[in-house]
1. Say whether the condition of being within 16 Å of the chain's Cα centre (by Cα), part of a loop (DSSP other than H, G, I, E, B) and at pLDDT 55 or above is met by at least one residue in the stretch 12-19.
2. Mind counting the residues in the stretch 76-95 that are in contact (Cβ under 8 Å) with a residue 40 or more places away in the chain and assigned to a loop (DSSP other than H, G, I, E, B)?
3. Among the candidates 136, 80, which residue alone is at pLDDT 90 or above and crowded, with 19+ Cβ neighbours inside 10 Å?
4. Which one of the conditions (1) modelled with pLDDT of 95 or more; (2) farther than 24 Å from residue 29 by Cβ does residue 99 fail to meet, given that it meets all the rest?
5. Going residue by residue through the stretch 55-75, is there one that turns out to be closer than 16 Å to residue 27 by Cβ, surrounded by 14 or more Cβ atoms within 10 Å (Cβ to Cβ) and either without any contact (Cβ under 8 Å) to a residue 60 or more places away in the chain or under 17 Å from the mean Cα position of the chain (by Cα) (or both)?
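The values are calculated or read from the model by the stated rules, or taken from the named source; none is laboratory data. These figures come from a predicted structure and were not determined experimentally. Backbone-built Cβ (ideal geometry, glycine too); neighbour counts: all protein chains shown.
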């Protein structure tokens with residue numbers, strides 16, 4: 001009789017892999033528009049962004065936190081998506097950050113720049129975003 005060793009220490013129990021730190025926060029606030037697969041955008045050097053950061057694109061086409069309320073509104077960084085995973089890049093090299101560009105997100109689960117101070121500003125962050133962004137921000141259950 002041969003001995004067969006199971007690949008896990010406790011056979012019959014599910015084994016999970018730890019990815020990013022996760023806190024139950026109900027990321028989605030609805031099912032329409034549908035959550036689309038993430039699309040990769042280049043990161044600038046020397047950055048570290050948390051998961052679910054609301055992001056836009058710099059003039060160089062790199063991911064940066066979306067901002068509003070600058071002295072000149074032309075300097076605002078328009079929100080185009082939500083970072084699907086925490087992303088960072090050192091002082092040199094290149095890397096990408098995965099960004100969701102479609103979905104109905106719970107505004108309280110997202111990471112906002114300090115320039116978004118009110119619920120109304122957060123809910124309006126994606127209005128007029130460039131195509132193909134179709135994101136709605138709402139409070140869950142409202």
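1. Checking the stretch 12-19: not a single residue is within 16 Å of the chain's Cα centre (by Cα), part of a loop (DSSP other than H, G, I, E, B) and at pLDDT 55 or above.
2. Qualifying residue count for the region: 12.
3. From the options 136, 80, the qualifying one is 80.
4. Failed condition: (2).
5. Taking every residue of the stretch 55-75 in turn, at least one turns out to be closer than 16 Å to residue 27 by Cβ, surrounded by 14 or more Cβ atoms within 10 Å (Cβ to Cβ) and either without any contact (Cβ under 8 Å) to a residue 60 or more places away in the chain or under 17 Å from the mean Cα position of the chain (by Cα) (or both).
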